[in-house]
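The values are calculated or read from the model by the stated rules, or taken from the named source; none is laboratory data. Since we're looking at a predicted model, the values are computed, not measured. Methodologically, a virtual Cβ is constructed for each residue, glycine included, from the backbone with ideal geometry; neighbour enumeration extends over all protein chains shown. The protein model used for the area step is the full one, side chains on, heavy atoms only, and it has no ligands, DNA or RNA in it. Shrake-Rupley method; radii C 1.70, N 1.55, O 1.52, S 1.80 Å.
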Amino acid sequence: MRESETVPGAGTPPRSVVVVGASHAAVHLADRLRDMGYDGALTLVSHEPRLPYQRPPLSKAWLKGEATSESLLLRDPAHYADKDIELVTGTRVERVTRTPAGVRIALTGEGGSRPRDFDRLVLATGARARTLALPGADHPDVVRLRDLEHASVLAERIRKGPIAVIGGGFVGLEVAATARFLGAEVTVIEAGSRLLGRAVGEATAAALLAAHRAMQTDIVLDAQPTAITFADNKVRGVRLDDGREVPAATVLVGIGAQARTELAGQLGLSCAGGVVVDDRCLASDGWTLAIGDCTTRVSPTTGRHYRLESVDNATTQAEVVAAVLAGSAAPTSAEPWFWSDQGDQKLQIVGLIGEYTSVVVRADPARPRRRVALYFVDDSLVAAECLNAPADFVALRAALGRGYRPRPEALSDSSIPLKQLLTAVRS
């Protein structure tokens, strides 16, 4: 269905907008709408009882005690009233239904259950941490990390004994590095043959494996957990499929996240690992909008669905939706980028690796911690991973953002600074 066909309010500015969710994407959308002159009613609904806050620091600064609840806030408490943004916290949206004029949402919170009607709906429902289907995985000593409550529980447990991290993804590795910094014994258990198997290339994964082992983190690859073990009703360890038992007082489950699509399902929207949206963040009904971690898109090159979990994606999609709702031209999408701080290792990625046809790894023996992996499809640069190379990341992000797609041979000489090579390509 296209937006102009049998949908309420098509082609007219909405008098009211409700955003289900109140993390980075939702708050940025609300701000952009107000900055663009939108003066209709604007409501953010959050199931969490607190003001919207940043999540990336939870696996690092919060665990170290370097962040406070106040420093994590996305905006000052007075900001929402100043911008005339209604922020409803501690309230769940139990049901959404389409009406002739827009959408009706059923809210459940301290005040009981009540319906409210709006002209336009934006889903910013985010994602939840995947759970582990193992005996003992529901014990309080088995934790996950997705929100501030999770992070607070984990912070209290870091000094209570060894930590086993199930999953060698970004969250697991960031927590492992932070816990090692705080003096905990840490073992990372990864079912695959390498770390970050779905996120980075082999060279970068190998470099990060070496870095974590240098931090004295025990990394166990090709290992499948089969059970959580106990002694005196406390976690004792994680049993692996080869019979070994990894000792642990705390088990962190970091096996990825699952998009929250329940409300999208109530509306009959297409979902494939997330709410499927187009380049205007419109869902399959051509009317509902969705942004952030709950969304998925179809790759124009592979035809596969992909989901991006990053502040950059949340910001970009929020700006697109603000333009759609305000009736303005949507901004041009830039190359997606991500980052991960794992102890003293800074990984920055620009572009989507996908199914590349060749890779060039730039390494300097004089600076062994620093390396760049460049990914090419049909001899055109499509993505890059920069490990401890922030200047190279800035240059590559600018080049890809401007549409520069140099060939492998143009960037293969590691003796010449990458910025210089990219300048030569542009000229």
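Summary table below
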item	result
Solvent-accessible heavy-atom area per residue, rounded to whole Å², over the chain at 1.4 Å	46 Å²
Once exposed loop trypsin sites (Lys or Arg not before Pro) are cut out (DSSP; at most 13 other Cβ, 10 Å), longest piece of the chain	3-197
Accessible area (Å², 1.4 Å probe, nearest 10) - Cys271	60 Å²
FRET efficiency, Asp232 to His150 (Cβ-Cβ, R0 22 Å, nearest 0.05)	0.35
Shape of segment 75-217, Cα gyration tensor, a/c cut at 1.5	prolate
Lysine pair number, Cα distance threshold 24 Å (strictly under), the chain, separation 8 or more or different chains	6
Apportionment of accessible area to carbon and sulfur, segment 18-70, percent (1.4 Å)	49 percent
Semi-axis lengths (Å, descending) of the ellipsoid that matches the C-alpha gyration tensor of the chain	36, 31, 19
Carbon + sulfur, % of accessible area of segment 307-348 - ligands and nucleic acids excluded, 1.4 Å	50 percent
Length-normalised contact order for the chain - Cα pairs under 8 Å, 6+ apart - percent	14 percent
Segment 8-151: relative contact order as a whole-number percent, Cα under 8 Å and 6+ apart	29 percent
Value of Rg/Rh across segment 85-169 [Cα atoms, Kirkwood radius]	1.13
Within-14-Å neighbourhood charge of Leu308 [Cβ basis; K, R +1; D, E -1]	-1
Stretch in the chain that is longest and holds no GluC sites (Glu not before Pro) that DSSP places in a loop and that have at most 12 other beta carbons within 10 Å	111-354
